[in-house]
Amino acid sequence: MAYWLMKSEPDAFSLDDLCSRPDGTEPWDGVRNYQARNMMRDNMKRGDKVFFYHSSCPVPGIAGIAAVVKEGYPDHSAQNPESKYYDPKASPENPRWFMVDVKFERKFPRLIPLSELKAEPSLAEMILLKKGNRLSIMPVQENEWRQILSMV
DNA sequence: GCCAACGTTGGC
DNA sequence: GCCAACGTTGGC
């Protein structure tokens with residue numbers, strides 16, 4: 001089992017939104033970055049755990065945990081001209097973009113702010129904290145996962 | 001709203 | 001294949 005971190009803007013889709021979905025499940029559509037796509041298409045497996053990160057908000061940070069419940073499949077929003085995620089280069093033969101389904105697992109009693117993650121020496125190697133990183137989906141090491149859980 | 005950092009596009 | 005221009009991300 002692997003660990004991941006997925007970013008979402010809470011104004012658009014928050015951990016609470018995920019929790020209130022039927023079955024607590026949501027397709028992670030709209031990712032239009034090849035590195036992130038490849039992770040969803042090739043690497044994220046059913047049962048993997050995900051930190052749900054809130055970005056572009058007053059206090060960015062980790063809000064809780066979700067799990068991968070459906071492995072990579074075509075992101076059909078890319079083929080829907082009505083969708084804001086429409087990509088004219090996507091087709092049934094070449095879907096181009098992929099997504100996974102994630103399911104709500106747990107909301108932390110408090111959000112773990114980015115500032116605390118930055119201040120924790122043992123997290124110095126986290127991809128999230130690397131200068132210039134813009135990935136919206138990234139792997140998390142097991143020791144990083146455990147460290148962050150201890151900060152909840 | 002600013003801006004650093006990075007990704008993508010497209011002319012050549 | 002190079003690289004300048006442009007677009008996006010996301011913290012601050």
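Each reported figure results from applying straightforward, stated rules to the coordinates on display, with no laboratory input. Bear in mind that the values here come from a model prediction, so they are computed numbers and not experimental data. Every residue, glycine as well, gets a Cβ built from its backbone with ideal geometry; the counts of neighbours run over all protein chains shown.
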Next on the checklist: I need a count of the residues in segment A:100-120 that are assigned to a strand (DSSP E or B) and either closer than 20 Å to A:SER20 by Cβ or basic (Lys, Arg) (or both).
Outcome noted: 12
Item to check | A:GLU82 vs. criteria away from DNA strand C (no atom under 12 Å from the Cβ), under 15 Å from A:LEU5 (Cα atoms) and surrounded by fewer than 17 Cβ atoms within 10 Å (Cβ to Cβ) | outcome: no
Checklist entry - So which of A:LYS89, A:LYS118 is within 16 Å of DNA strand B (Cβ to nearest atom), under 19 Å from A:ARG32 (Cβ atoms) and touching a helix residue (DSSP H, G or I) at 6+ places or on another chain (Cβ under 9 Å)? => result A:LYS89
Checklist entry - Restricting attention to segment A:47-61, and to residues there that are touching a residue at least 60 places away in the same chain (Cβ under 8 Å) and in contact with a Leu (Cβ under 8 Å, 6 or more places away or on another chain), which single residue is farthest from DNA strand B (Cβ to nearest atom)? => result A:PHE51
Checklist entry - If you check A:MET44, A:MET40, A:MET6, which single one turns out to be crowded, with 19+ Cβ neighbours inside 10 Å, within 30 Å of A:ALA119 (Cα to Cα) and within 16 Å of DNA strand B (Cβ to nearest atom)? => result A:MET40
Item to check | Any chance A:ALA124 is crowded, with 17+ Cβ neighbours inside 10 Å and of a type outside the set (Phe, Trp, Tyr) | outcome: no
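Can you find even one residue in segment A:63-77 that is of a type in the set (S, T, N, Q) and more than 16 Å from DNA strand B (Cβ to nearest atom)? Steps first, please.
Filtering segment A:63-77 down to residues of a type in the set (S, T, N, Q) leaves A:77.
Cutting the leftovers down to more than 16 Å from DNA strand B (Cβ to nearest atom) gives us A:77.
So far as segment A:63-77 goes, yes, one or more of its residues are of a type in the set (S, T, N, Q) and more than 16 Å from DNA strand B (Cβ to nearest atom).
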Next on the checklist: Which numbered condition in (1) over 23 Å from A:ALA66 (Cα atoms); (2) surrounded by 11 or more Cβ atoms within 10 Å (Cβ to Cβ); (3) within 16 Å of DNA strand C (Cβ to nearest atom) is the only one that A:SER91 fails?
Outcome noted: (3)
Checklist entry - When A:ASN38 is evaluated against the numbered criteria (1) under 22 Å from A:GLN141 (Cβ atoms); (2) touching a Cys at 6+ places or on another chain (Cβ under 7 Å), which criterion, by number, is the only one it fails? => result (2)
Checklist entry - Can A:MET40 be described as touching a residue at least 24 places away in the same chain (Cβ under 8 Å) and more than 14 Å from DNA strand C (Cβ to nearest atom)? => result yes
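Based on this model, can you work out whether A:GLY24 counts as touching a helix residue (DSSP H, G or I) at 6+ places or on another chain (Cβ under 7 Å), on the phi > 0 side of the Ramachandran plot and away from DNA strand B (no atom under 16 Å from the Cβ)? Can you show your working first?
On the way: touching a helix residue (DSSP H, G or I) at 6+ places or on another chain (Cβ under 7 Å): yes; on the phi > 0 side of the Ramachandran plot: yes; away from DNA strand B (no atom under 16 Å from the Cβ): yes.
The answer is yes for A:GLY24.
For segment A:128-152, which residues satisfy the criterion of being in a helix (DSSP H, G or I), within 15 Å of DNA strand B (Cβ to nearest atom) and either touching a residue at least 40 places away in the same chain (Cβ under 8 Å) or over 18 Å from A:PRO60 (Cα atoms) (or both)?
A:LEU128
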